[in-house]
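The values are calculated or read from the model by the stated rules, or taken from the named source; none is laboratory data. Keep in mind the model is a prediction, meaning the values are calculated, not measured. Note: ideal-geometry Cβ built from the backbone for every residue, glycine included; neighbour counts use all protein chains shown.
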Amino acid sequence: MNGLDLTPWKRLGRDGILYAMNSPDSEPRPSKNELREFSKVSRTAFPHIYFRSFYGIPYADEMSRLMDAKEKTKELHGKDTAHEETIPIMEARYKGGEMALEKLIQQYPNAQVLELAAGFSLHGATLAEKYPEIEYFESDYSPETIVAKKDVIESQLLKRKLPNLRFAQGNALDEESIQSILADADTHRPLLVYNEGLMAYLSDAEKEKLAAIIKDLQRQFRGIWITPDPAMSAERRDRLATFTKSMSNKGFLKRAEEIAGQKYDDHGFKSEKGADEFFASQGLQIEKIPQPTNLHSFESYGFSPEMIQQLSEDIREYGKVWILKANL
Ligand SMILES: C[S@@+](CC[C@H](N)C(=O)[O-])C[C@H]1O[C@@H](n2cnc3c(N)ncnc32)[C@H](O)[C@@H]1O
């Protein structure tokens, strides 16, 4: 225990979820930091439930069926299925991130993991079940997401509560909210911080804020930050536009921006080089590991051999996971 104060809004709800910020039945906590609203970005988590049903991983198919994810993804994107071309890219990101997390968990068997912007991802359920000695805190901005996720994982997928898997609601850009989530974490155990699919929605100032919060956590715990997020840069989107409908179709991109309520080009990273320069400027040491290209969705979705080759080349060139450590 690190003895942090429990602020009044840090409440363990009747549903067993830690609300670091807002619970569905309370007034939003006033933010000292004037943080913006991310509810529209929260809608982007849903299609990934459907995408994961093509990855050949435990629980994903069942979760997608139980949550009616295919239909709901169609409702969000309309009839246009261009977004489905990104499924292998998302699979490589998901599996690359999980491989990196697993490698570090094996290196630090008593690790604690904080997943930010976890959405409906299954990393927490999978890793907490496979490695009972770790402590996994999964969190997201959206209380609705966390409530629905906890319910489907515990009552339908695992059919039990894992003692080492906790669900919390919190804003990755709000240090008080993050400290609340980790109030029970052990500062003598290393902390792995993971985020996937978050930084593409952050402005430059917000990325700096996130880096500062995670560096503080690295000071508090011995820790490592793991993220595949810089892999999806503006430069990569331009390259994908040369051979995929998803990125070349202006209507699709417009719809995706409407869903998230913000423009791609004003957020995220411009290029891999830009991302490396950003992390170096924040005093972080960078290591990168490749994302896999032996992907289940190539077959299960039924992509053409030509598309499989082009996507594999793209992933080899751009698909990486960043392992970041502060120069303390
Ligand atoms: C594209 S989804 C990715 C979800 C999940 N990681 C996955 O890969 O399936 C983006 C997620 O970021 C969350 N999010 C957006 N802004 C956030 C913030 N400031 N703090 C925490 N989570 C945030 C959203 O609620 C949403 O679940």
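Miscellaneous remarks
- Residue, farthest from the ligand (Cβ to nearest atom), within region 191-209, restricted to residues that are surrounded by fewer than 23 Cβ atoms within 10 Å (Cβ to Cβ) and under 11 Å from residue 116 (Cα atoms): 195
- Every condition in (1) away from the ligand (no atom under 12 Å from the Cβ); (2) in contact (Cβ under 8 Å) with a residue 24 or more places away in the chain holds for residue 70 except the one numbered (2).
- Just one of the listed residues (58, 8, 28) is more than 21 Å from the chain's Cα centre (by Cα), outside any strand (DSSP E or B) and either modelled with pLDDT of 95 or more or within 14 Å of the ligand (Cβ to nearest atom) (or both), namely 28.
- Residue match in region 122-140 (condition: buried (at least 23 other Cβ atoms within 10 Å of the Cβ), within 15 Å of the chain's Cα centre (by Cα), within 13 Å of the ligand (Cβ to nearest atom) and assigned to a helix (DSSP H, G or I)): yes
- Scope region 287-303; condition part of a loop (DSSP other than H, G, I, E, B) and more than 14 Å from residue 95 (Cβ to Cβ); matching residues: 303
- Residue within region 119-129 that is out of contact with any His (no Cβ under 8 Å at 6 or more places or on another chain) and within 20 Å of residue 199 (Cβ to Cβ) present: yes
- One residue stands out in region 141-190 among those that are touching a Phe, Trp or Tyr at 6+ places or on another chain (Cβ under 7 Å) and part of a helix (DSSP H, G or I): the one that is nearest to the ligand (Cβ to nearest atom), namely 145.
- Residue within region 304-327 that is touching a Gly at 6+ places or on another chain (Cβ under 6 Å), assigned to a helix (DSSP H, G or I) and either surrounded by 15 or more Cβ atoms within 10 Å (Cβ to Cβ) or at pLDDT 95 or above (or both) present: no
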